[in-house]
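In what follows, a structure is listed as structure tokens, so that the remarks can point back to it.
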Amino acid sequence: MFLAKKNGDDSVLRTHTCGELREGDAGKTVTLSGWVDTYRNHSGVFFVDLRDRYGRTQLVFNPDDAQVAEFAKSLRNEYVIQVTGEVSVRPEANPKLATGKIEVIVREAKLFNKSVVPLFVPSNLPDELPSEELRLKYRFLDLRRPDVQKVLFLRHRITKLMRDYFDENGFIEVETPVLGRSTPEGARDYLVPSRVHHGTFYALPQSPQLYKQLLMVSGFDRYFQIAHCFRDEDLRADRQPEFTQMDIEMSFINENDIMGMVEGLMKKLFKACFDIDLPLPLPRMTYDEAMRRYGHDAPDLRFDMEIVDLSDIAGACNFRVFKETIAAGKVVRGLRAPGGGKRYSRKDIDGMTTFVQEDFGAKGLAWFKVDDDGKLASSIAKNFTPEEQTQIIERFGAQSGDFLAIIADTFETSCKALYGLRKKFGVDLNLYDPKAKNLSWIVEFPMFAPTEADGSDGSVEGSTWTAMHHPFTSPRPQDMADLAKHPETARAVAYDLVLNGSEVGGGTIRIHDQNLQREVFGILGITPEMAQERFGFLLDALQHGAPPHGGLAIGLDRLVMIFAGCDSIRDCIAFPKTQRATDVMTGAPGTVDQRQMTDLAIEIVKKAEPQT
């Protein structure tokens, strides 16, 4: 190691951090350690910005000190060094740095470690950085970036606030097992083969659901846990195969108690993180109302744009597409994009048509622009009488310059397509402040949903219904009597917390009566034998004095993503997976040697090639 330290105690690696020194420290002799962020030579005087997780401090290497100046010439980006020197007030302050009014005149210096030439440096601006995949491959370097560290510091702060809040409210933190048994919870399990019990498997938890219910049966009354969970499902920008959630459960409560407890937490987080006094109680909307008004069960309420139903007008008009749609028992619904008539060209509209067709399965997009005379302009406008055009304009509340987008299809397809268009309009037309925050509850979800043909919803083979949330959700009291006869109309005591159009938390009141639990299992196609095999321990527990209980889980990764203003959930996890569920830094998932395979009695079967 190059050594330019002349005096002092080598055992002291630093007296201050790189974000700590201020004008009041001028004249002090200090020792700093960190990474070389930038270096520059101004007429023989070397300036280095030294960086650690706390900030940056400018170092000055005077050419009059030959040994120190020679050391400075050897430095490169990301070298790890230690310096000792005197704090001095800078002739010209740098307002971009918290330490921008001071600098350290270096008297002694030491090199701890060199660095190869990095593929990118943490001081690069976002538009100067390489691809995300390359940054994830060198994540240890990417994590040095202040922007990334800032997000992880926010994550730490949020989890600390959460722990304190629940502790103050009488909750106890309990760790539940990671190795459990496979139970259907709506997604595929990650399985772990047992070496001791050949042919059997553990499952990594999709959630601590059953264990936290057992804790309520055990009398713990109020539980929380920052739980690591795993789901083998297709990935999106806001999903990961492994994720973290703040998990809570309470006994002798109803849904208002749970929701009130979570609202108190959100108020605490909003005040601490944004200095916002969150007004309580939060607004509530039923699932049916959300689908009718916004086409989705997690609507973004930062801007006003509700779906307009034109079915009655469409059924009476002479436009064949609308008329046939209504005759087939479907719907005609649309959105008004204020000012969109001037914003969107014909090419833009063609792109929207492709968007709703390819992404949402809609048959097409009908549209109008409202011209300066307040009349409808479109290739299909001639199919509508002046009176019908007036009815459409009044139904939308449209004005000159607006764009009207209309979907004629099933209710479900219209919801999906109009939800997608609503998100697009919100961004394109700047209808909301990107920094705004809006929280609300969606309640009274359906108990059951029709099963998917491929079983990707975790449904039992051959069953008609799958659980909308999970099989342990309680129906509303008024729906219990006709539950088996009319599962399609049953509503659950379920509640989702929605932040800026994303579900950040969801929970239910649980079934605490074993007979009701068996009835729900039956509707889901779970036979008494299957129920006993998979959930016998739960059914047994419910016979031993189970209290009324319920809970909720908050997706910590997604909450941090929205709080930090990140575009992807990967930005707020220290070591995330890619969209292909791989860790490009470590090479996971990877192969294992034959000895391990033999110990686990596993043989790899070649996957059949798809037939053409």
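Stokes-Einstein diffusion for segment 272-428, with the hydrodynamic radius set to the Kirkwood value over Cα pairs and evaluated at 4 °C in a medium of 1.567 mPa s, equals 79 µm²/s.
The residues of segment 190-334 have, on average, 45 Å² of accessible surface per residue, using a 1.4 Å probe with all protein chains present.
Accessible area per residue for segment 521-592, computed on protein heavy atoms with a 1.4 Å probe, is 43 Å². Label zone of A436 (point 7 Å out along Cα→Cβ, amide N under 15 Å): in segment 486-521 this covers 499-502. Cα centroids of segment 326-352 and segment 363-414: 8 Å apart.
Using the Cβ-Cβ distance between S115 and S379 with R0 set to 60 Å, the FRET efficiency works out to roughly 0.45. Extension gain for I276-H228 works out to 14.3 nm (0.36 nm per residue, less the C-alpha to C-alpha distance).
What residues from segment 224-268 fall in the zone where the backbone N is under 18 Å from a label point 7 Å along the Cα-to-C-beta line of E133? 235-237, by backbone N distance to the label point. Please count, across segment 422-570, the pairs of lysine residues with Cα atoms under 30 Å apart that sit 8 or more places apart or on different chains. Within segment 422-570, the lysine pair count is 4. Start at zero, step by 5 Å, and the Cα-Cα distances of segment 507-612 spread as 2, 9, 10, 9, 9, 8, 12, 19, 16, 5, 0, 0 percent across the bins.
Of the GluC sites (Glu not before Pro) found in segment 175-278, the ones in coil according to DSSP and having at most 12 other Cβ atoms within 10 Å of their Cβ are E175.
Fraction of C-alpha pairs exceeding 34 angstrom in the chain: 58 percent, rounded to a whole number.
You can think of it this way: the chain between S194 and E168 has 5.3 nm of extra reach, that is 0.36 nm per residue less the Cα-Cα gap.
3J(HN,Hα) along segment 153-170, derived from phi through the Karplus expression 6.51 cos²θ - 1.76 cosθ + 1.60 where θ = phi - 60°, amounts to 5, 4, 4, 4, 5, 5, 5, 5, 4, 4, 4, 5, 4, 5, 5, 5, 9, x Hz, with x in place of Gly and Pro. From the alpha carbon centroid of segment 550-588 to that of segment 39-114 is 36 Å. Computed from phi, the 3J(HN,Hα) profile of segment 386-393 under the Karplus parametrisation 6.51, -1.76, 1.60 (θ = phi - 60°) reads x, 5, 5, 4, 5, 4, 5, 4 Hz, with x in place of Gly and Pro. Taking the protein heavy atoms of segment 243-298 in the context of the full set of protein chains, the accessible area attributed to carbon and sulfur is 52 percent at 1.4 Å. Once you put a point 7 Å from the Cα of E358 and another 7 Å from the Cα of D304, both along the Cβ direction, what distance in nm separates them? That separation, rounded to one decimal, is 3.5 nm. With the gyration tensor restricted to C-alpha atoms of segment 339-382, the semi-axes of the equivalent ellipsoid amount to 22, 12, 7 Å, longest first. Helices in the chain, meaning DSSP H runs of at least 4 residues, each add -39500 (n - 2.57). Divided by all residues, the mean residue ellipticity at 222 nm is -9000 deg cm²/dmol.
Here the simple spin-label model places points 7 Å from the Cα toward Cβ, and for R284 and T38 these points are separated by 5.4 nm. The phi-based Karplus calculation (6.51 cos²θ - 1.76 cosθ + 1.60; θ = phi - 60°) puts the 3J(HN,Hα) values of segment 205-221 at x, 6, 6, x, 3, 5, 5, 6, 5, 5, 5, 5, 4, 7, x, 6, 6 Hz, whole numbers, x for Gly and Pro.
The values are calculated or read from the model by the stated rules, or taken from the named source; none is laboratory data. A quick note: this is a predicted structure, and the numbers were derived from the prediction, not measured. Cβ atoms come from the backbone with ideal geometry, glycine included; neighbour counts cover every protein chain shown. Heavy atoms of the whole protein, side chains included, go into the accessibility calculation; ligands, DNA and RNA do not. Shrake-Rupley method; radii C 1.70, N 1.55, O 1.52, S 1.80 Å.
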